[in-house]
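S.K.: First the structure, then my questions, so here it is.
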Amino acid sequence: MSVLLEVHGMSCAHCVASITSAVSPLPGVTAVDVALADGTVRVEGSPDVAAVTAAIEDVGYDVAAPPPEGAAALPPEGAAALPPEGAAAP
Ligand SMILES: [Cu+2]
């Protein structure tokens, strides 16, 4: 069994190494395959998805919810709050 997660913010080999070393020690994980070009992380074994997500977020990346099996559409992104305009200028 494997779990495929969409991870945002990965940009170089350092990111790949950070995520790999964060996820690899988790219980149930037998292998971690980071696809930088696709922005995905495949975790082999029987990992706890919540723990994997937490580990990836812990090292500074955003994890999109995994798509339900057979679903074609990705879940909507969380809307970020816009900063207020008209900040005081001297
Ligand atoms: Cu990087």
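S.K.: Can you tell me which residues in segment 1-37 are more than 15 Å from the ligand (Cβ to nearest atom), surrounded by 12 or more Cβ atoms within 10 Å (Cβ to Cβ) and in a loop (DSSP other than H, G, I, E, B)?
M.R.: Hits for segment 1-37 are 24, 26, 28.
S.K.: Could you please tell me which pairs satisfy a Cβ distance under 9 Å, a separation of 6+ or placement on different chains, a first residue in segment 11-22 that is touching a residue at least 12 places away in the same chain (Cβ under 8 Å) and under 15 Å from residue 62 (Cα atoms), and a second residue that is among the aromatic types (Phe, Trp, Tyr) and more than 7 Å from the ligand (Cβ to nearest atom)?
M.R.: As it stands, the answer is 15/61; 18/61; 19/61, since those pairs meet every condition given.
Where a number appears in this text, it was derived from the coordinates with a stated rule and is not lab data. Values in this document were obtained by computation on a predicted structure and should not be read as measured data. Ideal geometry is used to build each Cβ from the backbone, glycine not excepted, and the neighbour counts take in all protein chains shown.
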